Every structure is written in C-alpha cells, then in structure tokens.
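The values are calculated or read from the model by the stated rules, or taken from the named source; none is laboratory data. For clarity, every value in this text was computed on a predicted model and none was experimentally measured. With ideal geometry, Cβ positions are generated from the backbone for all residues, glycine too; neighbour counts draw on all protein chains shown. The protein model used for the area step is the full one, side chains on, heavy atoms only, and it has no ligands, DNA or RNA in it. Shrake-Rupley method; radii C 1.70, N 1.55, O 1.52, S 1.80 Å.
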Amino acid sequence: MKPTRVRAQPLPAAAQPTIARDVPSVLAWLAAHSSPQILAGMARYGMPAENALGVAVGDIQLAGKLLGRDHALAAALWKTGGYEARMVAAYVDEPGRVTAAQMDRWVRDFDSWGICDTVCFVLFDRTPHAWAKVEAWSDRPEEFVKRAAFAAFGVAGVAGLALVALAGHWWLLALGALSVLAAWRYTGGESPYG
C-alpha cells in the first residue's frame, strides 16, 4: 500500500507571525533573529560588522514579506544605518515611488557588495530610473557606485537572455553581442582615454 501524503495546512491568520510596521519593532524583530555565528560569517565575506546584527538573509527576506510594501518605512529603516535594517528597506520599498534622488542618496551609503547587490537586484532594477542610473553611475570612481551600475546592467542582461529564450529568437544574442562590441569600440576600445 502506498503511503498518502499529507499536505501542510497554512496557519490560521491569527497564528501567522507579524511585525508591527514601525522602526523599533522591526529592529527588535531583527535582533531577536540575530546570531553571533552569522555575524562572524559576515566578516569572513567582507561584510561590515560594525553596524550589523548577524541576521540570515532568509530571515531578512521573511521580514520583508511579513511587512509588505511601505515606502515611508523603507526610508526610516535606511536612515538607521544598520546593515540588516537597510536590507529590509530594499525588500519593503515600493519601486514605483523610488525617486532618482533617493537612488543617488542610497548608493552613496553602499559600504559592501552585499548591500549593493541586494538593493540593486530587489529594488533599483524595478524602478523607472534604473537605465538612467546605469549610465550615470558607470563613470563614477566610487567602488560600490560603479558596482551598482554593473549590477543593474547585469540584471538587464539576464532579463534579455530570458526573453530571448522565451521567444526562441536566438539570433538576437548575436545582434546583442555585436551591439556591445560596437559600443565598446565607439567609446575607445582598450584605451578609451588615449
């Protein structure tokens, strides 16, 4: 006899974990989910530990899911300067309400690849200003500002590959590669400054 599988039943709404939508509650939730082992691991990967609690990325994503979208809360969380608070801010901000000026302010605060990549991959690439920022930031000398430009460009490239795969028009890959090569040659090739 074949055993029957029992599906897990969702928790009733009253039993679902929640977080109050205010900065002190979010910070308390993050502190309760922190771990010294995760904090030590962050240091091994070059993450700043001075403003970090040591919260797993899965818990940060869960916090974002529990909180939902909230532009004002995201701005307030970002202002705390805490690593995990800023990560949650990326998950809860509303891409349609993010301004170009906000993107410039936040990118100046990037202090690690973790915060840079997360903000770019889960928030900035969904804003209407993403392409303009790729162009503006790619010439900047600051390490994480330049990385933000290339992270956003990379997301666009992956999205393009996915669209080509879905459409089945593989010849577009050759056209895209030729376009990138032409742009590289136009801007000076290997020695763009002479």
* Added length on full extension, which subtracts the Cα-Cα distance from 0.36 nm per residue, SER25 to ALA174 -> 48.5 nm
* To do: Mind grabbing the accessible area of ASP111 for me, 1.4 Å probe, Å², rounded to tens?
  => 80 Å²
* Asked: Averaged per residue, what accessible surface does region 48-144 expose to a 1.4 Å probe, in Å²?
  -> 45 Å²
* Grab the other residues whose beta carbon is less than 11 angstrom from that of MET87, score K and R as +1, D and E as -1, and report the net. => -2
* **By accessible area with a 1.4 Å probe, ligands and nucleic acids excluded, highest first: order of TYR45, TYR91, TYR83** => TYR45, TYR91, TYR83
* Structure fact -> Summed over the other residues with a beta carbon less than 12 angstrom from that of LEU30, with K and R at +1 and D and E at -1, the charge totals -1
